[in-house]
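Student: Sending over a structure as C-alpha cells; questions will come in a sec.
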Amino acid sequence: MSNLGYFGAGDRVQLTDPKGKLYSFTITPGKEWHTHKGWITHDDLIGMPEGSVVSTTAGLKFTAFKPLLADYVLTMPRGATIVYPKDAAMIIGVADIYPGARVLEAGVGSGALTISLLRATGATGKVHSFERRTDFADNARSNVDAYFEGPPDNWSLVVGDLQDQNFDSEYDRVVLDMLAPWECVDIAARSLRPGGVFLAYVATTTQLSATAEALKEDGRFTEPESSETLVRGWHHEGLAVRPQQRMIGHTGFLIQSRRMAPGVEVLARRRRPAKGAYGVSED
C-alpha cells in the first residue's frame, strides 16, 4: 500500500470510537463522512499520520488507522462465508506457504484466504485459483483487486471445476476450501511435486473423516493430520486479568498431508485403532 504511515487519497481508513466501535471508508477528496454527531471531511485526513485522533464538527473523537488484513477481510463484501483470520494464519503456517511458492487453490469464495496466500507467496510466487461459481469469482476478484489496489501479477483466477484440469507436478502446495475436497485428492496428487503439501479446510467432522480416508486410500500421501483453532481473548485491567466471556470457537477443521515420491509406498502406521473406528464385526 502507498504512503506507508500516512493517509492518502484512495486509502482505506478505520475509525474507532471510545467504545471500541469500528467504522471504515475509502478516502475520496471532496467527500464527507457523516455521523449522528457531525461529520469529518476526507480532505482533512489526507497527509495525516496513522494513529491520529480526529474529531467530527460536533467534537466526537475517533482514532484513525489503516485497517489490518484481519480488519479488511471481516468487513469486505461477502458472497460466501470467509475463512476467518485465525484459520488463514494457521493455513499459512501449517501448509508452510513461503515466498516463491506455487500454490493451487480451489474454492475462492469471497477471496479472504486468497489474499493471505498472495501475501505469503510474494511477487516471486504464484497462486492459481479455481472457483465454480461466477458470482463468487466476481466478488473475490473485486475484493482482491481492492486490497492490492489493482490485479495482482502473481494471481490467476479461473471459473471452472478443478477436477476437469490436468496438471503434472507443477505446484508446491494445494489448498482446498470446498464442500467435498475428497473428490479432488487425485488431481491434488497429480498436481503436487514430491514433498508438496495438501491442505483442506472443512466445516464438519463428516467432511473431515471422508477427506482423511480418501488420502489414506489414495496411497500417494502421508498419514493425514488434522486440527482446529480456537481463539480466546483476555481482559486485563490492573490486577483484574481473566479470560473474556466470549471467544472465537469452532469455524472449521484443517487437514493436511504431504505428497510421497512417485512409486514409493506409504509406511503403514503402527497403532491400535480406536474401538469401533471401523465398524463392528458381524462374526
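The values are calculated or read from the model by the stated rules, or taken from the named source; none is laboratory data. Remember, it's a predicted structure, so these values are computed and weren't measured experimentally. For neighbour counting, all protein chains shown are included, and Cβ atoms are generated from backbone atoms with ideal geometry for every residue, glycine included.
Student: Among the residues of segment 163-175, which ones are within 17 Å of Ser257 (Cβ to Cβ) and in contact with a helix residue (DSSP H, G or I) (Cβ under 6 Å, 6 or more places away or on another chain)?
Tutor: Filtering segment 163-175 down to residues within 17 Å of Ser257 (Cβ to Cβ) leaves 169, 171-175.
Hits for segment 163-175 are Tyr171, Val174.
Student: Go through the residues of segment 151-172 one by one and say whether even a single one is free of Cβ contacts under 8 Å to residues at least 12 places away in the same chain and surrounded by fewer than 23 Cβ atoms within 10 Å (Cβ to Cβ). Give the steps one after another, and end with the answer.
Tutor: Initially, segment 151-172 is screened for residues free of Cβ contacts under 8 Å to residues at least 12 places away in the same chain, giving 151, 164.
Filter once more, keeping what is surrounded by fewer than 23 Cβ atoms within 10 Å (Cβ to Cβ): 151, 164.
Yes: segment 151-172 contains one or more residues that are free of Cβ contacts under 8 Å to residues at least 12 places away in the same chain and surrounded by fewer than 23 Cβ atoms within 10 Å (Cβ to Cβ).
Student: Follow-up. Can you pull out every residue in segment 12-54 that is touching a residue at least 40 places away in the same chain (Cβ under 8 Å), over 18 Å from Tyr147 (Cα atoms) and in contact with a helix residue (DSSP H, G or I) (Cβ under 8 Å, 6 or more places away or on another chain)?
Tutor: Residue satisfying the conditions is Leu22 alone.
Student: So is Ile115 crowded, with 21+ Cβ neighbours inside 10 Å, within 15 Å of Val144 (Cβ to Cβ) and assigned by TED's automatic domain parsing to the domain that holds Trp155 or not?
Tutor: Values: crowded, with 21+ Cβ neighbours inside 10 Å: yes; within 15 Å of Val144 (Cβ to Cβ): yes; assigned by TED's automatic domain parsing to the domain that holds Trp155: yes.
It is true that Ile115 is crowded, with 21+ Cβ neighbours inside 10 Å, within 15 Å of Val144 (Cβ to Cβ) and assigned by TED's automatic domain parsing to the domain that holds Trp155.
Student: If you scan segment 177-196, which residues turn out to be more than 21 Å from Arg133 (Cβ to Cβ), among the aliphatic types (A, V, I, L, M) and not in a strand (DSSP E or B)? Let's see the steps before the verdict.
Tutor: In the first step, residues of segment 177-196 are kept if they are more than 21 Å from Arg133 (Cβ to Cβ); the result is 185-186, 189-196.
Now restrict to residues that are among the aliphatic types (A, V, I, L, M): 185, 189, 192.
If the condition is that a residue be more than 21 Å from Arg133 (Cβ to Cβ), among the aliphatic types (A, V, I, L, M) and not in a strand (DSSP E or B), then Val185, Ala189 are the ones that fit.
Student: Considering only residues that are without any contact (Cβ under 8 Å) to a residue 12 or more places away in the chain, hydrophobic (A, V, I, L, M, F, W, C) and in a strand (DSSP E or B), look in segment 223-262 and name the one that is farthest from Trp182 (Cα to Cα).
Tutor: It comes out as Ala240.
Student: May I ask you to list the residues in segment 188-197 that are out of contact with any Pro (no Cβ under 8 Å at 6 or more places or on another chain) and either buried (at least 20 other Cβ atoms within 10 Å of the Cβ) or touching a residue at least 60 places away in the same chain (Cβ under 8 Å) (or both)? Working first, answer last.
Tutor: Residues of segment 188-197 that are out of contact with any Pro (no Cβ under 8 Å at 6 or more places or on another chain), as a first pass: 188-193, 195-197.
Ala188, Ala189, Ser191, Leu192, Arg193, Gly195, Gly196, Val197, listed by residue number.
Student: Considering only residues that are surrounded by fewer than 18 Cβ atoms within 10 Å (Cβ to Cβ) and more than 23 Å from Ala123 (Cα to Cα), which ones fall in segment 72-104?
Tutor: Leu74, Thr75, Pro77, Arg78, Thr81, Lys86
Student: Which one of these is aliphatic (A, V, I, L, M) and not in a strand (DSSP E or B): Leu267, Leu199?
Tutor: Values: Leu199 fails: not in a strand (DSSP E or B).
Checking each option against the conditions leaves just Leu267.
Student: Separate question: Which is assigned to a loop (DSSP other than H, G, I, E, B) and out of contact with any Ser or Thr (no Cβ under 8 Å at 6 or more places or on another chain), of Pro29, Pro77?
Tutor: So the residue among Pro29, Pro77 that is assigned to a loop (DSSP other than H, G, I, E, B) and out of contact with any Ser or Thr (no Cβ under 8 Å at 6 or more places or on another chain) is Pro29.
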